[in-house]
Amino acid sequence: MKNNKPTILIIIGISGDLSKRKLLPAIGEIAKTGMTPAQFKILGVTRKKEVPLSSLLGDTTNKDYIEKNTEMFQMDLDDIKEYKKLESKIEEMEKDFESKAQCLFYLSVPPATSKSIIEFIGESGLAKREGTKLLLEKPFGTDLNSATELVSHIDKYFEKEQIYRIDHYMAKETAQNIIVFRNGNSLFKRTWNKDFISKIEVTVSEEIGIEGRVGFYEQTGALRDLIQSHLLQLLALTLMELPDEEHLDEVPRLRYEALSKLKIKEGSLMTSAKRGQYKGYREEVGNEKSMTETFASIDLESSDERWQGVEINLTTGKALKDKYTEIKIFYKKGHDHESNELLLRLQPDEGISFSVWAKKPGYEHQVSKHALNFSFKDHYTALPEAYEQVLFNAINGDHSLFSTSEEVIETWRILDELQRAWATSTYDLIIYKKGSIISEIIN
Ligand code: BG6
(Lines give C-alpha, C1' and ligand atoms only; values in the text may rest on other atoms or scores of the structure.)
Protein backbone atom coordinates (compact mmCIF):
# COMPACT_ATOMS: atom_id res chain seq x y z
CA MET A 1 0.00 0.00 0.00
CA LYS A 2 1.27 3.43 -0.78
CA ASN A 3 2.22 5.89 1.93
CA ASN A 4 0.69 9.27 1.23
CA LYS A 5 2.75 11.30 3.68
CA PRO A 6 4.20 14.38 2.00
CA THR A 7 7.76 13.32 1.19
CA ILE A 8 11.04 14.98 0.27
CA LEU A 9 13.76 12.70 -1.10
CA ILE A 10 17.05 14.48 -0.48
CA ILE A 11 19.68 12.92 -2.71
CA ILE A 12 23.07 13.93 -1.35
CA GLY A 13 25.53 13.62 -4.23
CA ILE A 14 22.90 13.84 -6.98
CA SER A 15 25.50 14.62 -9.64
CA GLY A 16 26.99 11.11 -9.30
CA ASP A 17 26.44 8.20 -11.58
CA LEU A 18 23.95 6.39 -9.33
CA SER A 19 21.28 9.11 -9.60
CA LYS A 20 21.49 9.17 -13.35
CA ARG A 21 21.54 5.40 -13.86
CA LYS A 22 19.28 4.19 -11.05
CA LEU A 23 17.63 6.67 -8.67
CA LEU A 24 15.95 9.18 -11.00
CA PRO A 25 14.79 6.49 -13.47
CA ALA A 26 13.40 4.49 -10.50
CA ILE A 27 11.40 7.44 -9.16
CA GLY A 28 10.14 8.10 -12.68
CA GLU A 29 8.90 4.51 -12.92
CA ILE A 30 7.24 4.54 -9.48
CA ALA A 31 5.46 7.77 -10.45
CA LYS A 32 4.15 6.16 -13.66
CA THR A 33 2.36 3.55 -11.57
CA GLY A 34 0.85 6.30 -9.39
CA MET A 35 2.64 4.95 -6.30
CA THR A 36 4.61 8.05 -5.30
CA PRO A 37 2.96 10.12 -2.54
CA ALA A 38 0.68 12.83 -3.95
CA GLN A 39 3.01 15.46 -2.50
CA PHE A 40 6.49 14.34 -3.44
CA LYS A 41 9.63 16.33 -4.21
CA ILE A 42 13.25 15.50 -4.88
CA LEU A 43 15.91 17.82 -3.50
CA GLY A 44 19.13 17.17 -5.38
CA VAL A 45 22.10 18.21 -3.23
CA THR A 46 25.50 18.67 -4.80
CA ARG A 47 28.80 20.32 -3.94
CA LYS A 48 29.26 21.31 -7.54
CA LYS A 49 28.10 24.67 -8.84
CA GLU A 50 25.43 24.67 -11.50
CA VAL A 51 24.72 21.05 -12.26
CA PRO A 52 21.82 21.22 -14.70
CA LEU A 53 19.16 18.64 -13.90
CA SER A 54 18.84 17.91 -17.61
CA SER A 55 22.36 16.43 -17.54
CA LEU A 56 21.12 13.74 -15.13
CA LEU A 57 18.06 12.65 -17.03
CA GLY A 58 19.72 10.46 -19.62
CA ASP A 59 18.25 7.12 -18.50
CA THR A 60 14.93 8.42 -17.22
CA THR A 61 11.82 7.59 -19.21
CA ASN A 62 9.54 9.88 -17.16
CA LYS A 63 11.52 13.11 -17.61
CA ASP A 64 8.51 15.43 -17.22
CA TYR A 65 7.67 14.11 -13.76
CA ILE A 66 11.27 14.37 -12.56
CA GLU A 67 11.73 17.88 -13.99
CA LYS A 68 8.50 19.10 -12.42
CA ASN A 69 9.30 17.68 -9.00
CA THR A 70 13.03 18.18 -8.56
CA GLU A 71 14.94 21.14 -7.19
CA MET A 72 18.73 21.34 -7.14
CA PHE A 73 20.59 22.66 -4.11
CA GLN A 74 24.28 23.48 -3.99
CA MET A 75 26.12 23.39 -0.65
CA ASP A 76 29.44 22.68 1.01
CA LEU A 77 28.85 19.29 2.61
CA ASP A 78 31.90 19.70 4.86
CA ASP A 79 30.57 22.80 6.62
CA ILE A 80 28.03 22.16 9.36
CA LYS A 81 26.65 25.72 9.05
CA GLU A 82 25.46 24.94 5.53
CA TYR A 83 23.11 22.29 6.95
CA LYS A 84 21.02 25.11 8.43
CA LYS A 85 20.61 26.45 4.89
CA LEU A 86 19.53 22.99 3.86
CA GLU A 87 16.97 22.95 6.66
CA SER A 88 15.60 26.32 5.52
CA LYS A 89 15.27 24.94 2.00
CA ILE A 90 13.33 21.94 3.35
CA GLU A 91 11.03 24.30 5.30
CA GLU A 92 10.43 26.33 2.16
CA MET A 93 9.37 23.17 0.33
CA GLU A 94 7.11 22.23 3.23
CA LYS A 95 5.43 25.62 2.90
CA ASP A 96 4.49 24.72 -0.66
CA PHE A 97 3.09 21.42 0.64
CA GLU A 98 1.31 23.34 3.43
CA SER A 99 2.41 20.45 5.62
CA LYS A 100 5.42 18.92 7.36
CA ALA A 101 7.14 16.28 5.25
CA GLN A 102 9.04 13.08 5.90
CA CYS A 103 12.60 13.65 4.70
CA LEU A 104 14.60 10.77 3.25
CA PHE A 105 18.33 11.52 3.18
CA TYR A 106 19.83 9.31 0.48
CA LEU A 107 23.63 9.30 0.76
CA SER A 108 24.94 8.74 -2.73
CA VAL A 109 28.52 9.69 -1.88
CA PRO A 110 31.82 7.80 -1.47
CA PRO A 111 32.04 5.90 1.85
CA ALA A 112 34.89 8.11 3.08
CA THR A 113 32.64 11.20 3.01
CA SER A 114 29.49 9.65 4.38
CA LYS A 115 30.76 9.58 7.97
CA SER A 116 31.00 13.36 8.33
CA ILE A 117 27.76 13.97 6.44
CA ILE A 118 25.96 11.64 8.88
CA GLU A 119 27.50 13.55 11.76
CA PHE A 120 26.43 16.93 10.36
CA ILE A 121 22.89 15.78 9.63
CA GLY A 122 22.85 14.60 13.25
CA GLU A 123 24.54 17.61 14.89
CA SER A 124 22.49 20.15 12.92
CA GLY A 125 19.28 18.66 14.30
CA LEU A 126 18.00 17.45 10.91
CA ALA A 127 18.11 13.82 12.11
CA LYS A 128 15.67 14.62 14.90
CA ARG A 129 12.95 16.06 12.64
CA GLU A 130 9.89 13.85 12.68
CA GLY A 131 9.89 11.34 9.85
CA THR A 132 13.59 11.69 8.96
CA LYS A 133 15.10 8.58 7.38
CA LEU A 134 18.68 7.80 6.38
CA LEU A 135 19.36 5.67 3.30
CA LEU A 136 22.89 4.30 3.01
CA GLU A 137 24.62 2.60 0.11
CA LYS A 138 27.14 -0.17 0.68
CA PRO A 139 29.96 -0.73 1.56
CA PHE A 140 29.24 -0.53 5.28
CA GLY A 141 32.82 -0.54 6.47
CA THR A 142 35.72 -2.52 5.09
CA ASP A 143 36.15 -5.15 7.79
CA LEU A 144 34.74 -6.21 11.13
CA ASN A 145 36.39 -3.39 13.10
CA SER A 146 35.50 -0.56 10.77
CA ALA A 147 31.92 -1.83 10.36
CA THR A 148 31.49 -2.01 14.14
CA GLU A 149 32.81 1.56 14.46
CA LEU A 150 30.57 2.81 11.66
CA VAL A 151 27.52 1.22 13.25
CA SER A 152 28.18 2.97 16.58
CA HIS A 153 28.92 6.25 14.78
CA ILE A 154 25.54 6.16 13.02
CA ASP A 155 23.76 5.00 16.18
CA LYS A 156 24.89 8.23 17.89
CA TYR A 157 22.69 10.28 15.60
CA PHE A 158 19.94 8.00 14.29
CA GLU A 159 17.49 5.53 15.80
CA LYS A 160 17.40 2.00 14.37
CA GLU A 161 14.02 2.56 12.68
CA GLN A 162 15.36 5.60 10.81
CA ILE A 163 18.16 3.68 9.07
CA TYR A 164 17.82 1.89 5.71
CA ARG A 165 21.00 0.04 4.60
CA ILE A 166 20.60 -0.77 0.95
CA ASP A 167 21.60 -4.06 -0.62
CA HIS A 168 19.90 -3.80 -4.00
CA TYR A 169 20.11 -7.58 -4.53
CA MET A 170 17.56 -8.15 -1.80
CA ALA A 171 15.15 -5.91 -3.68
CA LYS A 172 15.49 -7.81 -6.94
CA GLU A 173 12.14 -9.33 -7.81
CA THR A 174 13.64 -12.81 -8.01
CA ALA A 175 15.38 -12.51 -4.63
CA GLN A 176 12.04 -11.61 -3.06
CA ASN A 177 10.64 -14.63 -4.82
CA ILE A 178 12.88 -17.00 -2.83
CA ILE A 179 10.58 -16.71 0.19
CA VAL A 180 7.43 -17.16 -1.87
CA PHE A 181 8.91 -20.14 -3.69
CA ARG A 182 9.99 -21.82 -0.46
CA ASN A 183 6.72 -21.07 1.28
CA GLY A 184 4.32 -21.86 -1.51
CA ASN A 185 5.57 -25.21 -2.77
CA SER A 186 5.15 -27.98 -0.24
CA LEU A 187 7.44 -30.34 -2.20
CA PHE A 188 10.35 -27.95 -1.72
CA LYS A 189 9.29 -26.62 1.67
CA ARG A 190 9.38 -30.09 3.17
CA THR A 191 12.67 -31.11 1.60
CA TRP A 192 14.54 -27.86 2.33
CA ASN A 193 17.09 -29.40 4.69
CA LYS A 194 20.18 -31.60 5.03
CA ASP A 195 18.19 -34.84 4.71
CA PHE A 196 17.45 -34.08 1.06
CA ILE A 197 19.93 -31.40 -0.01
CA SER A 198 23.65 -32.08 -0.42
CA LYS A 199 24.94 -28.77 -1.73
CA ILE A 200 24.00 -25.10 -2.23
CA GLU A 201 25.85 -22.80 -4.62
CA VAL A 202 25.28 -19.07 -5.03
CA THR A 203 27.02 -17.57 -8.06
CA VAL A 204 27.27 -14.06 -9.45
CA SER A 205 29.18 -14.17 -12.71
CA GLU A 206 29.80 -10.80 -14.36
CA GLU A 207 30.94 -10.07 -17.89
CA ILE A 208 31.91 -6.52 -17.04
CA GLY A 209 35.25 -5.58 -15.51
CA ILE A 210 35.64 -2.71 -13.06
CA GLU A 211 34.17 -0.12 -15.45
CA GLY A 212 36.61 2.65 -14.62
CA ARG A 213 35.98 2.44 -10.85
CA VAL A 214 39.72 2.18 -10.21
CA GLY A 215 39.96 3.86 -6.80
CA PHE A 216 36.89 2.10 -5.44
CA TYR A 217 37.80 -1.34 -6.71
CA GLU A 218 41.45 -1.28 -5.67
CA GLN A 219 40.25 -0.67 -2.08
CA THR A 220 37.46 -3.19 -2.30
CA GLY A 221 37.90 -6.37 -4.37
CA ALA A 222 35.37 -9.12 -5.00
CA LEU A 223 35.17 -10.37 -1.42
CA ARG A 224 34.11 -7.00 -0.02
CA ASP A 225 32.21 -5.78 -3.07
CA LEU A 226 29.93 -8.75 -3.68
CA ILE A 227 30.50 -11.67 -1.29
CA GLN A 228 30.15 -9.64 1.92
CA SER A 229 26.90 -8.12 0.74
CA HIS A 230 24.89 -9.57 -2.15
CA LEU A 231 26.01 -13.20 -2.04
CA LEU A 232 25.81 -13.66 1.72
CA GLN A 233 22.37 -12.03 1.74
CA LEU A 234 21.11 -14.36 -0.99
CA LEU A 235 22.51 -17.27 0.98
CA ALA A 236 20.79 -16.03 4.14
CA LEU A 237 17.45 -15.91 2.27
CA THR A 238 18.06 -19.49 1.17
CA LEU A 239 19.06 -20.88 4.59
CA MET A 240 16.86 -18.90 6.99
CA GLU A 241 13.77 -20.17 8.76
CA LEU A 242 10.63 -19.10 6.91
CA PRO A 243 8.47 -16.28 8.20
CA ASP A 244 4.80 -16.60 7.58
CA GLU A 245 3.88 -14.35 4.70
CA GLU A 246 1.95 -11.87 6.85
CA HIS A 247 5.08 -11.24 8.90
CA LEU A 248 7.73 -10.25 6.38
CA ASP A 249 9.00 -7.74 8.94
CA GLU A 250 10.55 -10.79 10.65
CA VAL A 251 12.81 -11.42 7.64
CA PRO A 252 15.82 -9.29 8.73
CA ARG A 253 15.95 -11.10 12.08
CA LEU A 254 15.69 -14.50 10.37
CA ARG A 255 18.41 -13.60 7.85
CA TYR A 256 20.60 -12.49 10.76
CA GLU A 257 20.06 -15.80 12.55
CA ALA A 258 21.06 -17.75 9.44
CA LEU A 259 24.19 -15.61 9.05
CA SER A 260 25.14 -16.01 12.70
CA LYS A 261 25.47 -19.79 12.20
CA LEU A 262 27.78 -19.56 9.20
CA LYS A 263 31.53 -19.76 9.03
CA ILE A 264 34.16 -20.49 6.42
CA LYS A 265 34.60 -24.25 6.09
CA GLU A 266 36.87 -25.71 8.73
CA GLY A 267 40.32 -26.69 7.43
CA SER A 268 42.90 -24.88 5.40
CA LEU A 269 41.85 -21.48 4.07
CA MET A 270 43.83 -22.32 0.95
CA THR A 271 41.31 -25.01 0.06
CA SER A 272 38.18 -23.28 1.40
CA ALA A 273 38.80 -19.96 -0.33
CA LYS A 274 40.20 -19.13 -3.75
CA ARG A 275 40.91 -15.74 -5.24
CA GLY A 276 41.80 -14.63 -8.73
CA GLN A 277 42.54 -11.55 -10.78
CA TYR A 278 41.89 -11.09 -14.47
CA LYS A 279 44.86 -10.58 -16.78
CA GLY A 280 45.25 -6.90 -17.55
CA TYR A 281 43.76 -5.70 -14.26
CA ARG A 282 47.09 -4.40 -12.96
CA GLU A 283 47.69 -2.31 -16.08
CA GLU A 284 44.11 -1.02 -15.92
CA VAL A 285 44.50 0.23 -12.34
CA GLY A 286 48.13 1.31 -12.80
CA ASN A 287 49.42 -0.81 -9.93
CA GLU A 288 51.77 -3.55 -11.05
CA LYS A 289 51.74 -5.19 -7.61
CA SER A 290 48.01 -5.08 -7.03
CA MET A 291 46.72 -8.10 -5.08
CA THR A 292 43.08 -7.02 -5.37
CA GLU A 293 40.95 -10.00 -6.28
CA THR A 294 38.42 -9.71 -9.10
CA PHE A 295 37.30 -13.29 -8.45
CA ALA A 296 36.51 -15.02 -5.17
CA SER A 297 35.11 -18.40 -4.32
CA ILE A 298 34.56 -19.59 -0.75
CA ASP A 299 33.22 -22.73 0.90
CA LEU A 300 31.14 -22.28 4.02
CA GLU A 301 29.41 -24.42 6.60
CA SER A 302 26.45 -23.86 8.85
CA SER A 303 26.09 -25.03 12.43
CA ASP A 304 22.31 -24.93 12.06
CA GLU A 305 20.84 -28.37 12.81
CA ARG A 306 18.89 -28.10 9.54
CA TRP A 307 22.01 -27.58 7.41
CA GLN A 308 24.78 -29.54 9.13
CA GLY A 309 26.99 -31.30 6.60
CA VAL A 310 25.56 -29.49 3.57
CA GLU A 311 28.25 -28.10 1.24
CA ILE A 312 27.88 -24.37 0.64
CA ASN A 313 29.77 -22.35 -1.94
CA LEU A 314 29.71 -18.66 -2.92
CA THR A 315 31.49 -17.61 -6.10
CA THR A 316 31.74 -14.34 -7.96
CA GLY A 317 34.03 -12.84 -10.56
CA LYS A 318 34.40 -9.99 -13.02
CA ALA A 319 35.40 -10.20 -16.70
CA LEU A 320 34.01 -13.72 -16.97
CA LYS A 321 32.42 -15.23 -20.04
CA ASP A 322 28.77 -14.78 -19.01
CA LYS A 323 26.58 -12.57 -16.87
CA TYR A 324 24.31 -14.54 -14.57
CA THR A 325 23.22 -14.73 -10.97
CA GLU A 326 21.84 -18.00 -9.69
CA ILE A 327 21.24 -20.16 -6.66
CA LYS A 328 21.68 -23.84 -7.35
CA ILE A 329 20.37 -26.49 -4.98
CA PHE A 330 21.65 -30.03 -5.45
CA TYR A 331 19.38 -32.75 -4.12
CA LYS A 332 21.02 -35.88 -2.72
CA LYS A 333 21.82 -38.52 -5.28
CA GLY A 334 20.46 -42.04 -5.21
CA HIS A 335 21.30 -44.56 -7.94
CA ASP A 336 22.87 -43.45 -11.24
CA HIS A 337 19.67 -41.98 -12.60
CA GLU A 338 18.42 -40.41 -9.44
CA SER A 339 19.43 -36.79 -8.85
CA ASN A 340 17.72 -33.45 -9.13
CA GLU A 341 18.92 -29.88 -9.26
CA LEU A 342 16.86 -26.81 -8.59
CA LEU A 343 18.00 -23.57 -10.17
CA LEU A 344 16.72 -20.20 -9.01
CA ARG A 345 17.83 -17.80 -11.78
CA LEU A 346 17.98 -14.24 -10.52
CA GLN A 347 19.22 -12.72 -13.76
CA PRO A 348 19.08 -12.67 -16.72
CA ASP A 349 16.05 -14.68 -17.88
CA GLU A 350 14.67 -14.66 -14.34
CA GLY A 351 12.99 -17.91 -13.46
CA ILE A 352 13.18 -21.33 -11.92
CA SER A 353 14.18 -24.63 -13.40
CA PHE A 354 14.20 -28.14 -11.97
CA SER A 355 15.99 -31.06 -13.53
CA VAL A 356 14.16 -34.39 -13.74
CA TRP A 357 14.89 -37.79 -15.25
CA ALA A 358 12.55 -39.22 -17.87
CA LYS A 359 12.46 -42.28 -20.10
CA LYS A 360 13.64 -41.67 -23.64
CA PRO A 361 10.93 -42.69 -26.07
CA GLY A 362 11.82 -45.98 -27.78
CA TYR A 363 11.83 -49.77 -27.33
CA GLU A 364 14.90 -49.82 -25.10
CA HIS A 365 14.97 -48.67 -21.51
CA GLN A 366 17.06 -45.52 -21.70
CA VAL A 367 16.72 -42.43 -19.56
CA SER A 368 17.78 -38.81 -19.89
CA LYS A 369 17.74 -35.63 -17.82
CA HIS A 370 15.47 -32.70 -18.71
CA ALA A 371 14.56 -29.35 -17.20
CA LEU A 372 11.13 -28.21 -16.08
CA ASN A 373 11.40 -24.54 -16.76
CA PHE A 374 9.54 -21.46 -15.56
CA SER A 375 10.58 -18.14 -17.05
CA PHE A 376 9.12 -14.85 -15.82
CA LYS A 377 9.39 -13.38 -19.31
CA ASP A 378 6.87 -15.91 -20.65
CA HIS A 379 4.26 -14.53 -18.25
CA TYR A 380 5.12 -10.93 -17.43
CA THR A 381 6.28 -8.12 -19.66
CA ALA A 382 8.85 -6.43 -17.42
CA LEU A 383 10.14 -6.85 -13.91
CA PRO A 384 10.62 -3.71 -11.82
CA GLU A 385 14.20 -2.55 -11.24
CA ALA A 386 15.56 -3.24 -7.75
CA TYR A 387 15.97 0.50 -7.00
CA GLU A 388 12.25 1.09 -7.55
CA GLN A 389 11.51 -1.40 -4.79
CA VAL A 390 14.23 0.06 -2.54
CA LEU A 391 12.83 3.59 -2.81
CA PHE A 392 9.20 2.50 -2.59
CA ASN A 393 9.88 0.50 0.59
CA ALA A 394 11.89 3.27 2.21
CA ILE A 395 9.15 5.82 1.48
CA ASN A 396 6.68 3.38 3.02
CA GLY A 397 8.81 2.53 6.06
CA ASP A 398 9.13 -1.17 5.20
CA HIS A 399 12.47 -2.49 6.50
CA SER A 400 12.19 -6.07 5.27
CA LEU A 401 14.49 -5.60 2.24
CA PHE A 402 17.20 -3.66 4.08
CA SER A 403 20.15 -5.02 6.09
CA THR A 404 20.26 -4.41 9.81
CA SER A 405 23.47 -3.46 11.56
CA GLU A 406 23.50 -6.93 13.20
CA GLU A 407 23.48 -8.59 9.77
CA VAL A 408 26.24 -6.34 8.49
CA ILE A 409 28.43 -7.18 11.48
CA GLU A 410 27.79 -10.91 11.02
CA THR A 411 28.80 -10.83 7.36
CA TRP A 412 32.11 -9.17 8.27
CA ARG A 413 32.59 -11.64 11.13
CA ILE A 414 32.28 -14.54 8.67
CA LEU A 415 34.99 -13.07 6.43
CA ASP A 416 37.29 -11.65 9.10
CA GLU A 417 39.90 -14.42 9.30
CA LEU A 418 40.02 -14.80 5.52
CA GLN A 419 40.47 -11.05 4.98
CA ARG A 420 43.42 -11.09 7.35
CA ALA A 421 44.95 -14.13 5.67
CA TRP A 422 44.58 -12.60 2.21
CA ALA A 423 46.08 -9.32 3.39
CA THR A 424 49.32 -11.06 4.32
CA SER A 425 49.77 -13.72 1.63
CA THR A 426 50.52 -13.28 -2.04
CA TYR A 427 51.13 -16.74 -3.44
CA ASP A 428 47.56 -17.92 -3.91
CA LEU A 429 46.30 -15.35 -6.43
CA ILE A 430 45.17 -17.08 -9.63
CA ILE A 431 45.59 -14.96 -12.77
CA TYR A 432 42.82 -15.77 -15.24
CA LYS A 433 42.07 -14.80 -18.81
CA LYS A 434 39.24 -12.34 -19.44
CA GLY A 435 36.23 -14.25 -20.69
CA SER A 436 37.00 -17.39 -18.63
CA ILE A 437 34.33 -19.62 -17.20
CA ILE A 438 34.42 -20.37 -13.48
CA SER A 439 35.53 -23.99 -13.81
CA GLU A 440 38.56 -22.89 -15.83
CA ILE A 441 39.68 -20.73 -12.91
CA ILE A 442 39.23 -23.00 -9.94
CA ASN A 443 39.28 -26.57 -11.16
C1 BG6 B 1 27.33 -3.59 -7.12
C2 BG6 B 1 28.80 -3.82 -7.18
O3 BG6 B 1 26.88 -3.56 -5.78
O4 BG6 B 1 26.65 -4.65 -7.80
C5 BG6 B 1 29.28 -3.94 -8.63
O6 BG6 B 1 29.49 -2.75 -6.54
C7 BG6 B 1 28.48 -4.99 -9.35
O8 BG6 B 1 30.67 -4.22 -8.69
C9 BG6 B 1 26.99 -4.75 -9.19
O10 BG6 B 1 28.84 -4.94 -10.74
C11 BG6 B 1 26.17 -5.87 -9.76
O12 BG6 B 1 24.81 -5.53 -9.72
P13 BG6 B 1 23.79 -6.07 -10.82
O14 BG6 B 1 22.46 -5.63 -10.32
O15 BG6 B 1 24.21 -5.45 -12.13
O16 BG6 B 1 23.96 -7.56 -10.84
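In the full protein assembly as shown, how much of Leu237 is accessible to a 1.4 Å probe, in Å² to the nearest 10?
10 Å²
Could you give the C-alpha radius of gyration of region 5-91 expressed as a fraction of 2.2 N^0.38 Å, taking N as the number of residues it contains?
That ratio works out to 1.08.
Past 21 Å, Cα to Cα, is the threshold; run Lys81/Lys128; Lys5/Lys48; Lys189/Lys377 against it and keep the listed order.
Distance filter (> 21 Å) returns Lys5/Lys48; Lys189/Lys377.
Students sometimes get this wrong: rank Thr271, Thr148, Thr424 by accessible area, probe 1.4 Å, all chains present, largest first.
Thr424, Thr271, Thr148
Quick one: ranking His379, His230 by accessible area, 1.4 Å probe, largest first, what do you get? Before the final figure, lay out each step's value.
On the way: His379 120, His230 10 Å².
If we order His379, His230 from most to least accessible, we get His379, His230.
Using a Gaussian network model on the chain with a 10 Å cutoff between Cα atoms, which of Glu218, Glu137, Glu50 fluctuates the most?
So, out of Glu218, Glu137, Glu50, the one fluctuating most is Glu50.
Using only Cα atoms, find the angle between the long axis of helix 111-123 and the longest principal axis of the chain, and express it within 0 to 90 degrees, rounded to the nearest 10.
In the chain, helix 111-123 runs at an angle near 50 degrees to the longest axis.
More than 17 angstrom separation, counting every C-alpha pair in region 40-81; what % is that?
Everything past 17 Å amounts to 36 percent.
Keeping all protein chains in position, work out how much accessible area Val214 exposes to a 1.4 Å probe, and write it in Å² to the nearest 10.
Accessible surface of Val214 is approximately 50 Å².
With N denoting the number of residues in the chain, provide Rg(C-alpha) divided by 2.2 N^0.38 Å, to two decimal places.
1.04
Can you tell me which of Asn145, Asn185, Asn396 moves the most in a GNM of the chain? Springs connect C-alpha atoms under 10 Å apart.
Evaluated over the chain, the most mobile residue of the options is Asn185.
Compute the whole-percent fraction of alpha carbon pairs in region 103-207 spaced more than 18 Å apart. Provide the component values of the computation, followed by the final result.
On the way: 3392 of 5460 pairs.
Across region 103-207, Cα pairs with separations above 18 Å total 62 percent.
Over the C-alpha atoms of region 404-443, what are the Rg and the largest Cα-to-Cα span, Dmax, in Å?
14.6, 38
Suppose the Debye formula is applied to equal point scatterers at every Cα of region 65-106; what is log10 I(q)/I(0) at q = 0.16, 0.17, 0.21, 0.23 Å⁻¹?
-0.49, -0.55, -0.81, -0.94
Within straight cross-link reach of Lys369, meaning Cα distance under 18 Å, which lysines are found once same-chain residues fewer than 8 apart are removed?
Straight-distance partners of Lys369: Lys328, Lys332, Lys333, Lys359, Lys360.
If you roll a 1.4 Å probe over the heavy atoms of the protein chains, what accessible area per residue do you get for region 8-144, in Å²?
Ligands and nucleic acids excluded, the figure is 44 Å² per residue.
Please compute the per residue accessible area over region 299-443 with all protein chains in place, 1.4 Å probe, rounded to a whole number of Å².
Ligands and nucleic acids excluded, the figure is 53 Å² per residue.
Compute the angle between helix 144-157 and the longest alpha-carbon principal axis of the chain, please, reported from 0 to 90 degrees and rounded to the nearest 10.
So the inclination is approximately 30 degrees.
In whole Å, largest first, what are the principal axis extents of the Cα atoms in region 172-233?
In descending order, the Cα extents are 47, 25, 18 Å.
Got a number for carbon plus sulfur as a percent of the chain's accessible area, 1.4 Å probe?
Numbers: 10400 of 20850 Å².
Taking all protein chains in place, the chain shows 50 percent carbon and sulfur surface.
Could you tell me the convex hull volume per residue, in Å³, taken over the Cα atoms of region 368-434?
Details: hull volume 18.8 nm³, N = 67.
For region 368-434, the hull spanned by Cα atoms encloses 281 Å³ per residue.
How large is the helix-only mean residue ellipticity at 222 nm for the chain, computed as the sum of -39500 (n - 2.57) over DSSP H runs with n ≥ 4, divided by its residue count, in deg cm²/dmol to the nearest 500?
That calculation yields -10000 deg cm²/dmol at 222 nm.
By how many degrees, 0 to 90 and rounded to 10, does the Cα axis of helix 82-97 deviate from the longest principal axis of the chain?
90 degrees
Scan around Met72 for amide H atoms under 5 Å from its own, H built in the peptide plane at 1.01 Å from N, and keep only partners 5 or more places away or cross-chain.
Here Gly44 satisfy the definition.
Amide H neighbours of Ile163 under 5 Å, at least 5 residues apart or on other chains, H built in the peptide plane: list them.
Those qualifying (amide H under 5 Å, at least 5 residues apart or on another chain) are Leu134.
Give the relative contact order (percent, whole number) for region 1-132; include only Cα pairs under 8 Å separated by 6+ residues.
Computed value for region 1-132: 33 percent relative contact order.
So if the hydrodynamic radius of region 50-123 is defined as the Kirkwood radius over C-alpha pairs, what does Stokes-Einstein give as its diffusion coefficient at 37 °C and 0.692 mPa s, in µm² per second?
229 µm²/s
Provide the solvent-accessible area of Lys279, counting protein heavy atoms only and rolling a 1.4 Å probe, rounded to the nearest 10 Å².
Rounded to the nearest 10, that gives 120 Å².
State which entries of Lys68/Lys100; Lys138/Lys194; Lys172/Lys261 exceed 27 angstrom in Cα-Cα distance in the structure shown.
With Cα atoms farther than 27 Å apart: Lys138/Lys194.
Starting from the Kirkwood radius over alpha-carbon pairs of region 327-388, derive D by Stokes-Einstein at 4 °C in a medium of 1.567 mPa s and give it in µm² s⁻¹. The partial results should precede the final answer.
Details: Rh = 13.8 Å.
Here the translational diffusion coefficient equals 94 µm²/s.
What do you get for Rg/Rh of region 136-261 when both radii come from the Cα atoms and Rh is the Kirkwood radius?
Radius of gyration over Kirkwood radius for region 136-261 works out to 1.00.
Report, in whole Å, the centroid distance computed from the Cα atoms of region 304-347 and region 145-161.
35 Å
The values are calculated or read from the model by the stated rules, or taken from the named source; none is laboratory data. This structure is a prediction, so every number in the text was calculated from the model and none was measured. The accessibility values were calculated without ligands, DNA or RNA, using every heavy atom of the protein model including side chains. Shrake-Rupley method; radii C 1.70, N 1.55, O 1.52, S 1.80 Å.
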